[in-house]
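Reading through the structure tokens given below for one structure.
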Amino acid sequence: MMSKIPMTAEGFGRLDSELRHLKSTERPAIIRAIAEARTNGDLSENAEYHAARERQSFIEGRVAELEDKLARAEVIDVSRLSGKQVTFGATVTVLDEDTDEKMKYQIVGQDESDIRAGRLSVSSPLARALIGKKVRDVVEVATPGGSKSYEIVKVAFH
């Protein structure tokens, strides 16, 4: 059985638009580049041809990967979620107990994570520690620099 991949509607949209771009723009362009490179004679020493074939292989691989992920996507409508516990899609504000620094993360699917943008992968150690917890709970997370403690300050869905 194929396992579902949870993602937000925004994450699904980003993957879907990348797929459409690859199919409508990148794929036709690389086919033209290969046809053009073929007209330049001996293919064994034709760097443009080999580069274009390599790019084509990458594009086809990415198209297959995106089609698979989109087919298995379980789109979670974050706006319909609520509650006091941290779940997929929640935006969680945590307090680093060592530095007193507050950080805010939305827990999202693996393919949409971007720590600098505050999007934390559901499979990351911090997200796994936060899931199921609520405000004022403290979680311990093993990091490369040692164990860190975070207090959950706020749980929101928007």
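Below 8 Å between Cα atoms, with a sequence gap of 6+, how large is the relative contact order for the chain in percent?
24 percent
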With both partners inside the chain, how many of the DSSP beta bridges are antiparallel, as a percent to the nearest 5?
75 percent
Among all helices in the chain defined by DSSP H, which have a length of 15 Å or more along the axis from Cα atoms plus a Kyte-Doolittle mean of at least 0.0?
27-38
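Please report the orientation-averaged projected area of the chain, defined via the convex hull of its C-alpha atoms, in nm².
Numbers: hull surface 52.0 nm².
That works out to 13.0 nm², a quarter of the Cα hull's surface.
Relative contact order of the stretch 78-156: what whole-number percent is it, with Cα pairs under 8 angstrom and at least 6 residues apart?
Values: 154 pairs, mean separation 26.7, N = 79.
RCO, the stretch 78-156: 34 percent.
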Amide hydrogen neighbours beyond the local backbone of D137, cut-off 5 Å, H modeled
I152
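Nearest 20 debye, what's the magnitude of the dipole of the chain about its Cα centre given +1 on Lys and Arg Cβ and -1 on Asp and Glu Cβ? Could you put the intermediate results ahead of the total?
Numbers: 24 positive and 26 negative charges, 126 e Å.
The calculation lands at about 600 debye.
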Under a 5 Å amide H to amide H cut-off, with H placed in plane at 1.01 Å, what residues pair with A73 once short-range neighbours are removed?
I5
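Applying 1/(1 + (r/R0)^6) with R0 = 30 Å to the Cβ-Cβ distance of K154 and D68, what FRET efficiency is obtained, to the nearest 0.05? Please report the intermediate quantities before stating the final value.
Values: r = 36 Å, r/R0 = 1.18.
In this case the efficiency is close to 0.25.
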Take the stretch 5-76, compute every pairwise Cα distance, and split them into 10 Å bins from 0; I just need the percent in each bin.
20, 38, 23, 14, 5, 0
Among A64, A73, A129, which one shows the highest mean-square fluctuation when the chain is modelled as a Gaussian network with alpha-carbon springs under 10 Å?
A64
Taking +1 at the Cβ of each Lys and Arg and -1 at the Cβ of each Asp and Glu, which of V92, L81, A129 sits farthest along the dipole of the stretch 76-142 towards its positive end, judged by Cα position relative to the Cα centre?
L81
Most mobile of A90, A127, A29 in a GNM of the chain (Cα contacts under 10 Å):
A29
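Under 12 Å from the Cβ of E67, count the other residues' Cβ atoms, weight Lys and Arg +1, Asp and Glu -1, and hand me the total.
Working: positive: R20, K23, R62, K69, R72; negative: D16, E18, E60, E65, D68.
Once positives and negatives cancel, what remains is 0.
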Can you order the peptides 37-47, 107-117, 144-154 by their average number of other Cβ atoms within 10 Å per residue, highest first?
107-117, 144-154, 37-47
With the crude spin-label approximation of a point 7 Å out along Cα→Cβ, what separation in nm comes out for A35 versus E101?
5.4 nm
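Every number here is computed from the coordinates shown, using simple stated rules; none is lab data. All values derive from a computational prediction rather than experimental measurement. For neighbour counting, all protein chains shown are included, and Cβ atoms are generated from backbone atoms with ideal geometry for every residue, glycine included.
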